[in-house]
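So the structure is just underneath, and the comments pick up after that.
All of the numbers you see were taken from the coordinates with simple rules; none came from a lab. What you see is a predicted model; the values in this text were computed from it and never measured.
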Amino acid sequence: MHSIVPEAEKILDKEFPVLDHGFVRLVDYMGSDDRIVQSARVSYGEGTKTYRQDKGLINYLLRNDHTSPFEQVVFTFHLKMPIFVARQWVRHRMGRMNEISGRYSVMKDECYIPDKDHIALQSEDNKQGRKAEAVEEEVALKVQQILKDEQDVIFRNYHELLDMGIAREISRIDLPLSLYTEFYWQMDLHNLFHFLALRMDGHAQYEIRVYANQIFEIVKVVCPIAAEAFENHKLNGVSLSGKEKDAVKKILSGEENPLSGRELEIFLAKLN
């Protein structure tokens, strides 16, 4: 049975703004919550039942990592984002992607400049991230101006090379990582949930996190039951090691927590 979700039809091809020049757009979807339950129940010949039973089945499947029914649902997005975000994006290899090419197209003069609230110093305990607190406004304005001035020079040179008749594939080579790129991206729901679990996490870079958050808002429209189950069991759930599970048992039985040092820190961080 072909799945049509009325609320999803309303947002098809609608651009949802992200960052200063980017967007997320749902191009197409195949399947929804009903496709998940149909796929799961086909193994023993029973079709869709009640909403409550469907919800229970989807939660069971997700909680117990029965992934193949979720692979029956597929999303296609049109995304516009800075190149440095896109290079993190393509680490998720299960997606199918077709990107704009600077060999064929003249790239738009659009680069990302972070908002003042998201300009921060290097974290002292996270080698790949920034501090939570933004720098002072004076410093932030200076950073923004440095970035803008550099981008202006680069684009001026880019267009000068193009005006000289230099090939687009050569003229583009000094364009910055802050340049916006666009691509179509297709992924099934199982792998999309894995992507979202990583990229919606607070440890992910802010600039990719906001794209992941917007995509999840779209997923909630197309597959509301599956999205709620993912949020409960995966996004806000906790996975415990064997030692941590034993510690929970001892704590519940009134014994002292046997974990200490770094193991205790990790355990408490999971529960917060």
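Tell me, what are the semi-axes, in whole angstrom and largest first, of the equivalent ellipsoid of the chain as set by the roots of 5 times the Cα gyration tensor eigenvalues?
On the way: eigenvalues 311, 173, 40 Å².
Semi-axes from the Cα gyration tensor: 39, 29, 14 Å.
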Which lysines have a Cα less than 24 Å from the Cα of Lys270, not counting those fewer than 8 places away in the same chain? Lys127, Lys131, Lys234, Lys243, Lys245, Lys249, Lys250
Kirkwood Rh in Å, taken over all unlike Cα pairs in segment 1-100: 15.8
Vicinal HN-Hα couplings computed from phi for segment 158-170 (Karplus, 6.51 cos²θ - 1.76 cosθ + 1.60; Hz; Gly/Pro x): 4, 6, 5, 5, 4, 5, 6, x, 5, 4, 4, 5, 8
3J(HN,Hα) from dihedral phi, segment 196-213, Karplus parametrisation 6.51/-1.76/1.60, rounded to Hz, x for glycine, proline: 5, 4, 7, 8, 8, 5, x, 7, 6, 4, 3, 5, 8, 5, 5, 5, 4, 4
What is the log10 of I(q)/I(0) for segment 115-177, computed with the Debye formula using one identical point scatterer on each Cα and no solvent, at q = 0.14, 0.19, 0.29 Å⁻¹? -0.59, -0.76, -1.12
Work out from phi, with θ = phi - 60° and the Karplus expression 6.51 cos²θ - 1.76 cosθ + 1.60, the ³J(HN,Hα) of each residue of segment 142-148, listed in order in whole Hz, and give x for Gly and Pro. 5, 4, 4, 5, 4, 5, 5
Tell me the Rg and the Dmax, in Å, that the Cα atoms of segment 67-107 produce. 13.3, 42
Non-local residues with an amide H under 5 Å from the amide H of Ala120, with H modelled 1.01 Å from N and Pro and chain starts lacking one, are Val135
